[in-house]
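Take a look at the structure below.
The values are calculated or read from the model by the stated rules, or taken from the named source; none is laboratory data. Computed from a prediction, not measured in an experiment: that's the story for all the values here. All Cβ positions, even for glycine, are placed from backbone atoms using ideal geometry, and neighbour counts span all protein chains on display. With ligands, DNA and RNA removed, areas are computed over all heavy atoms of the protein, side chains included. Shrake-Rupley method; radii C 1.70, N 1.55, O 1.52, S 1.80 Å.
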Amino acid sequence: MKNQSALQETKYHGAVRFPFNIYPCTIPGDFRQVAVHWQDSMELIYIKRGTGLVQTGAQVYPAQSGDIFVLTPGTLHALRQAENCTMEYENIIFDLELLGGAEDLCAEKYLLPLQSGRLALPERLSPADAGYAEAAACLQEAEDANRSHRPGYELRIKGALLRFLALLIAQGQALPPAETAGTQRLKGVLQWLSAHYNEPLCIADAAALCQCSPSHFMRWFRQMTGQSFITFLKEYRLNAAAEALHATDDTVLNIAGQCGFENLSYFNRAFKAHFGMTPREYRR
């Protein structure tokens with residue numbers, strides 16, 4: 001079965017020649033959480049209502065209405081539900097190449113360093129921060145232009161995003177790069193997991209990949225992701241099974257086996273506990 005749920009997101013956002021899009025999302029309305037992953041695009045997570053948890057790298061932030069999280073390309077990130085809370089947010093995703101190309105001074109000084117991880121930005125803007133109102137106004141302009149699609153809306157979006165990045169770059173010049181040895185190692189583990197999640201896996205396998213003891217690996221993985229390796233693996237398999245239920249006509253038994261579940265009864269119980277319905281109900 002083709003794995004559509006790889007931890008490095010490869011989905012193309014927006015039109016080929018204008019890679020920009022905005023996705024309204026709700027946790028837990030649309031999904032209970034977004035597991036740790038990364039992508040090659042810029043992503044802004046703009047909290048519109050409610051509260052939740054947003055992880056960038058190994059740092060977990062409490063997210064509240066108005067917060068803007070800034071994820072440069074390659075940044076590991078995740079979103080989770082805070083206990084008994086709902087969080088409505090927008091994912092604003094765009095490729096940096098949208099804003100400048102070859103022989104462009106701005107691309108050379110700012111966009112290419114952002115793409116390669118050599119230039120860092122503040123990870124979060126909150127309403128009390130200096131410059132927040134101006135930054136939020138840039139995102140509102142981009143949202144309004146994207147909704148209207150009036151002639152010239154692409155120029156308005158590009159202008160708003162460039163002003164937004166300029167505000168952040170002015171604040172973030174002294175920040176260290178977001179990529180660390182820990183996040184690089186975690187990406188290796190996640191890529192290995194996405195390639196082998198349907199096979200029998202155990203903590204010792206993952207620990208060997210990192211060349212450390214199982215006990216050290218368990219502590220490190222929980223610190224980096226907020227979850228145990230076993231819980232993360234089970235949820236990854238369940239999400240892959242859910243996608244297969246929508247995308248294929250294969251039987252529940254075959255999908256369970258292809259996603260790493262050797263026992264159908266256990267798969268059914270785990271699926272219902274995670275999604276609130278049985279696999280067959282989910283497919284319908």
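Of the residues making up the stretch 40-69, those that are open to solvent by 10 Å² or more (accessible area, probe 1.4 Å), over 18 Å from residue 30 (Cα atoms) and hydrophobic (A, V, I, L, M, F, W, C) are 58, 60. Does residue 72 count as open to solvent by less than 10 Å² (accessible area, probe 1.4 Å) and either of a type in the set (Asp, Glu) or touching a strand residue (DSSP E or B) at 6+ places or on another chain (Cβ under 8 Å) (or both)? Here the answer is no, as residue 72 does not meet what is asked.
In summary, residue 227 fulfils each of the numbered conditions (1) surrounded by 14 or more Cβ atoms within 10 Å (Cβ to Cβ); (2) more than 22 Å from residue 190 (Cβ to Cβ); (3) of a type in the set (S, T, N, Q) with the single exception of condition (2).
Of all residue pairs spaced 6 or more apart or on separate chains, those with beta-carbon atoms under 6 Å, a first member in the stretch 138-156 that is closer than 18 Å to residue 45 by Cα and among the polar types (S, T, N, Q) and a second member that is at pLDDT 95 or above and crowded, with 16+ Cβ neighbours inside 10 Å are 146/22.
Being of a type in the set (A, V, I, L, M, F, W, C), within 24 Å of residue 275 (Cα to Cα) and not in a strand (DSSP E or B) holds for only one residue in 63, 82, and it is 82.
When you scan the stretch 198-211, do you find a residue that is more than 20 Å from the chain's Cα centre (by Cα), on the phi > 0 side of the Ramachandran plot, of a type in the set (S, T, N, Q) and open to solvent by 30 Å² or more (accessible area, probe 1.4 Å), even just one? So far as the stretch 198-211 goes, yes, one or more of its residues are more than 20 Å from the chain's Cα centre (by Cα), on the phi > 0 side of the Ramachandran plot, of a type in the set (S, T, N, Q) and open to solvent by 30 Å² or more (accessible area, probe 1.4 Å).
No other residue among 135, 128 is touching a helix residue (DSSP H, G or I) at 6+ places or on another chain (Cβ under 7 Å), modelled with pLDDT of 90 or more and either open to solvent by 40 Å² or more (accessible area, probe 1.4 Å) or in a helix (DSSP H, G or I) (or both) apart from 135. The residue pairs whose first member lies in the stretch 235-249 and is crowded, with 21+ Cβ neighbours inside 10 Å, whose second member is modelled with pLDDT of 90 or more and among the β-branched types (Val, Ile, Thr), and whose beta carbons are closer than 6 Å, counting only pairs six or more residues apart or on different chains, are 241/255; 244/255. Selection of first residues in the stretch 188-206 that are farther than 14 Å from residue 231 by Cβ and of second residues that are surrounded by 16 or more Cβ atoms within 10 Å (Cβ to Cβ) and of a type in the set (Phe, Trp, Tyr), restricted to Cβ pairs under 8 Å at least 6 apart or on distinct chains, gives the following pairs, ordered by first then second residue: 189/221; 194/236. Number of residues in the stretch 138-148 that are open to solvent by less than 30 Å² (accessible area, probe 1.4 Å) and among the charged types (D, E, K, R): the value is 1.
The residues in the stretch 20-39 that are open to solvent by less than 30 Å² (accessible area, probe 1.4 Å) and not aliphatic (A, V, I, L, M) can be counted, and the count is 5. Of the set (1) open to solvent by 70 Å² or more (accessible area, probe 1.4 Å); (2) under 22 Å from residue 68 (Cβ atoms); (3) of a type outside the set (A, V, I, L, M, F, W, C), all apply to residue 151 but (2). Of all the residues in the stretch 99-123, those that are open to solvent by 40 Å² or more (accessible area, probe 1.4 Å) and either at pLDDT 95 or above or part of a loop (DSSP other than H, G, I, E, B) (or both) number 6.
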